[in-house]
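Q: Mind having a look at this structure? Questions to follow.
The values are calculated or read from the model by the stated rules, or taken from the named source; none is laboratory data. Predicted model only: the values in this text are computed from it and were never measured. So basically every Cβ, Gly included, is an ideal-geometry build from the backbone, and we count neighbours across all protein chains shown. We work out accessible area using only protein heavy atoms, side chains counted, and drop any ligands, DNA or RNA first. Shrake-Rupley method; radii C 1.70, N 1.55, O 1.52, S 1.80 Å.
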Amino acid sequence: MAIRISSLIALGVILIVCFLVAATTKVEPRPGKMTDGRMLLPNGWIISPVGRAVELDVGSLTMAQSKDGQTVAVLNCGASRHSVSILDVASEKVLETVPVQHAWIGIAFHPSQKRVFVSGGTTGQVWDIPLRGGGEKRPPISLGAKVFVTGVAVSPNGNSLFAGTMDTGELYKVDLSNNRVAEVATTLGKVYGLLVSPDNETLYVSDWLRSRVLVYNATDLSRRGSIPVGPHPTEMALGKDGRLWVTCAADATVYAIDPKAMRVTESVKVSVHPNAPEGSAPASLALTSDGKKLYVAVADNNCVACVDVSKPGHARLEGFIPTGWYTSAVRVSPDGKKIMSVASKGSTAKSNADKSYIGRILKGQIYFTDTPSPAVLAQMTQQVIANSPYRDELLKAAVNRDGSLLPNRPGDKSPIKYVIYIIKENRTFDQVLGDMPNCEADTSLCIFGDKITPNQHKLSRDFVLLDNFYVDAEVSADGHNWSTAAYANDYVEKAWPYNYGGHGGSYDFEGENPLSRPVAGYLWDTVNRAGLTYRSYGEFLAEEEDDPNTPNDGVVAGLKGHVSPDYPGWDTSISDMTRFNIWIKEFRGFEQKGEMPRLQIVRFPQDHTSGTSPGAWTPNAMVADNDLAVGKLVGAVSHSKFWKETAIFILEDDAQGGPDHVDAHRSTCYVASPYTRFGATDSNFYTTCSVIRTIELLLGAQPLNQYDAAARPMYSLFRGRPNLTPFDAVVNQVPIDERNPKQAVMAAESLSLNFKQCDAIDDMTLNRILWAAAKGPNTPYPTVNHTSAGLFR
């Protein structure tokens, strides 16, 4: 009996201990539905949209409303097929979906409500789409040149169509009696939105590039004036009192303009927090029929701002309505009782282990939300605030809850003086580290495992294995912006799906197009403002294709004179070991001088691969070459005098290059330093912006925007006394000079892809090629259907 009692006591003690451990053990979140019903996004922000959702298509971006307000048309212009969804406001149902080609941004109803006009993007055309009862299909309206059409508008009398262009900055007036161009004018800017006054006399134009609203005579397109506003002006709305309202995405502000006086009379900041820097991106606006309420789609804060504009000169922000992911458009019903908002990326985080391409899995949604009472709006506002990880106080100091040696605020003492930041290309966690034990991994999805990437596996074993890290980007176009600026602005977010979908346009996202540049600049800019030295190897290069002997330089001002002149940018014909040899030559010089740049950014892009193109390096060779270059660099630094004061961060710019069973954004990240934990698995939730924020804190630099300020610093990685054990690179286990034979698997498909420009390929095709090359042509591409990692566990 005593034995039984003691056994029961022992069992009870065990159960109590287990209960206490379970109660106190912190389980880290993963993207997906949380226990309270909200959705955790892979960027660390949370959404909890209210209203009744209707799923649309990929890239739901802009919205137009009919003259009577009873119908809305949503333009779906993402990375796949394009279409226009026509919805009835009363029934909240899709009436019809009309396919279109190469559409972008511009959409407008004809006053008859029987036709919708849609920008034809790079085709130089405007699609004339008849709706139900609107007659036969009509030919597109040609503007007479292959220009990049953006905004479109129709005069209230229905006689004229106006179209603007982004590439040439031109305005076109089309006579709708014969669909021929009647007038052309040049803005010397980049047109976004167009609006015609109720009397058909005036055309208002938002210049996306030059921070202004232009005013034209609608009859002959003669210019009447130019009104300065904030950066990146987008949509406009004209109130009954004559005030013209315009959203400016880059400064989170809506401006009111007196068209007669040609000046701004007041402005309203619509960020969730009053002192928030860039990172809100108001993209769209709508006025109630009485002109007393203004609703603003705040894309990057995933909400709609409600503004009382009933008294001129006294506009007042009333609160926020929580909406879906990247709220890009908003309209309001004629009676003011219903708000329609479009979430371009929908309402859920998603895995792509079901063979889907990341650019095509985030379907847009439209939400029909009853206009809230003041009391309900107050509750909604608190929910929006709770969903946002950003707070104004984070601009001054982060919150250290892990007893880390990482500084809390810029300028605090840090044992780390130097940071080396390596940016690679396009791999998911499961693809590379899916064979690692003691972590969240799917071995069936691993195609570049330990044999091909021994150095990255060794880094994960010797230092810290991060199995809950997510890139903020979908593709390289936004990826190199998130990786260098902790942000992809409204131009990048709207333009890359069009380009990646093969609809036209150019890859101009790495600083080439001034529109792609964030207001606060890039990581090197905030480091420069902190008075520190920096150097870039391959990022944001001004390519000199006409003269290959011209030394490389930066394409943006902050990099001029801070670029390794011999280090190449994107070029899959150059091995990463060649890049490493250029870098190590400069590094040896730094060793001789006893000082090196406080920040180095190094681009190693070869893990992108060239598929199975005959004559090109095999996928395994390119990934192994990339792995060896990474290992050699870490090894060189760890055997140098700088090691005791250095931290090395290594990540992929995006994760579009393959499947992952947790989320399509989950990727690899490695952190090597004498001050990191050794031999541990860390499942803390971290993102690209976490890396940026950590680098800023280590170097004493200020955050650039809301996203890096709000990101969780990698506190849990930096603890204890330094371990100065050097890292020894592992010799490649597969040949890095192996070439694809003429009869390589899916060679024809590889030859059809353009590897000469960054991401100028169909990534779904490349993913299938890599899978076939690794697993064999008879192994089915993965069809596991995971929607997310599950609950906020």
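Q: For V154, state whether it is hydrophobic (A, V, I, L, M, F, W, C), farther than 25 Å from W496 by Cα, touching a strand residue (DSSP E or B) at 6+ places or on another chain (Cβ under 6 Å) and modelled with pLDDT of 95 or more. So that I can check it myself, show each step before the final result.
A: Numbers: hydrophobic (A, V, I, L, M, F, W, C): yes; farther than 25 Å from W496 by Cα: yes; touching a strand residue (DSSP E or B) at 6+ places or on another chain (Cβ under 6 Å): yes; modelled with pLDDT of 95 or more: yes.
Judged against the criteria, V154 is a match.
Q: Mind listing just one residue for me: the one in the range 647-664 that is of a type in the set (A, V, I, L, M) and part of a strand (DSSP E or B) and, of those, surrounded by the fewest Cβ atoms within 10 Å (Cβ to Cβ)?
A: Looking only at the range 647-664, we keep the residues that are of a type in the set (A, V, I, L, M), and these are 647-648, 650-651, 655, 662, 664.
Narrowing the set further to residues that are part of a strand (DSSP E or B) leaves 647-648, 650-651.
Details: A647: 27, I648: 25, I650: 22, L651: 26.
That would be I650.
Q: Related question: Just the residues that are of a type in the set (S, T, Y) and part of a helix (DSSP H, G or I), please, taken from the range 443-457. I'd like the intermediate steps shown before the answer.
A: Restricting attention to the range 443-457, the residues satisfying the condition of being of a type in the set (S, T, Y) are 443-444, 453.
Hits for the range 443-457 are T443, S444.
Q: In this structure, does Y537 turn out to be modelled with pLDDT of 95 or more, within 15 Å of C689 (Cα to Cα) and crowded, with 24+ Cβ neighbours inside 10 Å? Walk me through it before giving the result.
A: Details: modelled with pLDDT of 95 or more: yes; within 15 Å of C689 (Cα to Cα): no; crowded, with 24+ Cβ neighbours inside 10 Å: yes.
In short, no.
Q: Kindly list, by first and then second residue, each pair from a residue in the range 647-664 that is within 18 Å of L459 (Cβ to Cβ) and touching a residue at least 12 places away in the same chain (Cβ under 8 Å) to a residue that is among the aromatic types (F, W, Y) and in a loop (DSSP other than H, G, I, E, B), limited to pairs with Cβ atoms under 8 Å and residues at least 6 apart or on different chains.
A: A647/Y675
Q: When the residues of the range 729-745 are filtered to those that are out of contact with any Phe, Trp or Tyr (no Cβ under 9 Å at 6 or more places or on another chain) and closer than 18 Å to L633 by Cβ, which remaining residue is surrounded by the fewest Cβ atoms within 10 Å (Cβ to Cβ)? Quick ask: steps written out before the conclusion?
A: Step one: of the range 729-745, the residues out of contact with any Phe, Trp or Tyr (no Cβ under 9 Å at 6 or more places or on another chain) are 729-735, 741-745.
Filter once more, keeping what is closer than 18 Å to L633 by Cβ: 729-732.
Working: A729: 21, V730: 19, V731: 9, N732: 21.
Restricting to residues being out of contact with any Phe, Trp or Tyr (no Cβ under 9 Å at 6 or more places or on another chain) and closer than 18 Å to L633 by Cβ, the top hit is V731.
Q: Right, here's the next one. Name, by its number, the condition in (1) at pLDDT 75 or above; (2) in a loop (DSSP other than H, G, I, E, B); (3) surrounded by fewer than 17 Cβ atoms within 10 Å (Cβ to Cβ) that does not hold for K756.
A: All conditions pass for K756, except number (1).
Q: While we're on this one: Of all the residues that make up the range 196-221, how many are farther than 22 Å from H110 by Cβ, open to solvent by less than 10 Å² (accessible area, probe 1.4 Å) and assigned to a loop (DSSP other than H, G, I, E, B)?
A: Residues in the range 196-221 being farther than 22 Å from H110 by Cβ, open to solvent by less than 10 Å² (accessible area, probe 1.4 Å) and assigned to a loop (DSSP other than H, G, I, E, B): 1 in total.
Q: Looking at P374, P312, which one is at pLDDT below 95, farther than 23 Å from S91 by Cα and surrounded by fewer than 24 Cβ atoms within 10 Å (Cβ to Cβ)? Give the steps one after another, and end with the answer.
A: Details: P374 fails: at pLDDT below 95.
Of the residues listed, the single one that is at pLDDT below 95, farther than 23 Å from S91 by Cα and surrounded by fewer than 24 Cβ atoms within 10 Å (Cβ to Cβ) is P312.
Q: Could you tell me how many of the residues in the range 385-430 are among the charged types (D, E, K, R), surrounded by fewer than 23 Cβ atoms within 10 Å (Cβ to Cβ) and not in a loop (DSSP other than H, G, I, E, B)? Give the derivation first.
A: Taking the range 385-430 first, the residues among the charged types (D, E, K, R) are 391-393, 396, 401-402, 409, 412-413, 417, 424-425, 427, 430.
Then drop every residue that is not surrounded by fewer than 23 Cβ atoms within 10 Å (Cβ to Cβ), which leaves 391-393, 396, 401-402, 409, 412-413, 417.
Adding the requirement that they be not in a loop (DSSP other than H, G, I, E, B) leaves 392-393.
Selection size over the range 385-430: 2.
Q: If the requirement is being surrounded by fewer than 23 Cβ atoms within 10 Å (Cβ to Cβ) and part of a loop (DSSP other than H, G, I, E, B), which of these qualifies: A103, A79, A90? Don't jump to the end; show me each part of the working.
A: On the way: A103 fails: surrounded by fewer than 23 Cβ atoms within 10 Å (Cβ to Cβ); A79 fails: surrounded by fewer than 23 Cβ atoms within 10 Å (Cβ to Cβ).
On inspection, the qualifying residue turns out to be A90.
Q: Considering only residues that are farther than 21 Å from M166 by Cβ, without any contact (Cβ under 8 Å) to a residue 60 or more places away in the chain and of a type in the set (K, R), which ones fall in the range 217-249?
A: Passing the criteria: R224, K240.
Q: Check whether at least one residue in the range 481-494 is in contact with a strand residue (DSSP E or B) (Cβ under 8 Å, 6 or more places away or on another chain), part of a loop (DSSP other than H, G, I, E, B), of a type outside the set (D, E) and within 23 Å of S536 (Cβ to Cβ), and report yes or no.
A: We begin by selecting, within the range 481-494, every residue in contact with a strand residue (DSSP E or B) (Cβ under 8 Å, 6 or more places away or on another chain); these are 483-484, 490, 494.
Then drop every residue that is not part of a loop (DSSP other than H, G, I, E, B), which leaves none.
No.
Q: Write out, first by first residue and then by second, each pair whose Cβ atoms fall under 7 Å of each other, whose residues are 6+ apart or on separate chains, and whose first residue, in the range 35-55, is within 28 Å of W482 (Cα to Cα) and at pLDDT below 95 while the second is outside any loop (DSSP other than H, G, I, E, B) and open to solvent by 30 Å² or more (accessible area, probe 1.4 Å).
A: Filtered contacts from the range 35-55: M39/K33; E55/K363.
Q: So which of G615, G631 ends up being open to solvent by 10 Å² or more (accessible area, probe 1.4 Å), more than 19 Å from L405 (Cβ to Cβ) and not in a strand (DSSP E or B)? Lay out the reasoning, then the answer.
A: Details: G631 fails: open to solvent by 10 Å² or more (accessible area, probe 1.4 Å).
Unique residue meeting the criteria: G615.
Q: Let me ask something else. Does S667 satisfy the condition of being buried (at least 24 other Cβ atoms within 10 Å of the Cβ), touching a residue at least 12 places away in the same chain (Cβ under 8 Å), among the polar types (S, T, N, Q) and under 24 Å from D430 (Cα atoms)?
A: Values: buried (at least 24 other Cβ atoms within 10 Å of the Cβ): yes; touching a residue at least 12 places away in the same chain (Cβ under 8 Å): yes; among the polar types (S, T, N, Q): yes; under 24 Å from D430 (Cα atoms): yes.
The answer is yes for S667.
Q: Please pick out the residue among W583, W570 that is crowded, with 20+ Cβ neighbours inside 10 Å, modelled with pLDDT under 95 and farther than 19 Å from A744 by Cα.
A: Numbers: W583 fails: modelled with pLDDT under 95.
Going through W583, W570 in turn, just one is crowded, with 20+ Cβ neighbours inside 10 Å, modelled with pLDDT under 95 and farther than 19 Å from A744 by Cα: W570.
Q: While we're looking at this one, here's another question. Which of the residues that make up the range 718-728 are within 35 Å of the chain's Cα centre (by Cα) and open to solvent by 60 Å² or more (accessible area, probe 1.4 Å)?
A: R719 - this is the single residue of the range 718-728 that is within 35 Å of the chain's Cα centre (by Cα) and open to solvent by 60 Å² or more (accessible area, probe 1.4 Å).
Q: Among the residues of the range 175-195, is any surrounded by 20 or more Cβ atoms within 10 Å (Cβ to Cβ) and of a type in the set (K, R)?
A: Looking through the range 175-195, at least one residue is surrounded by 20 or more Cβ atoms within 10 Å (Cβ to Cβ) and of a type in the set (K, R).
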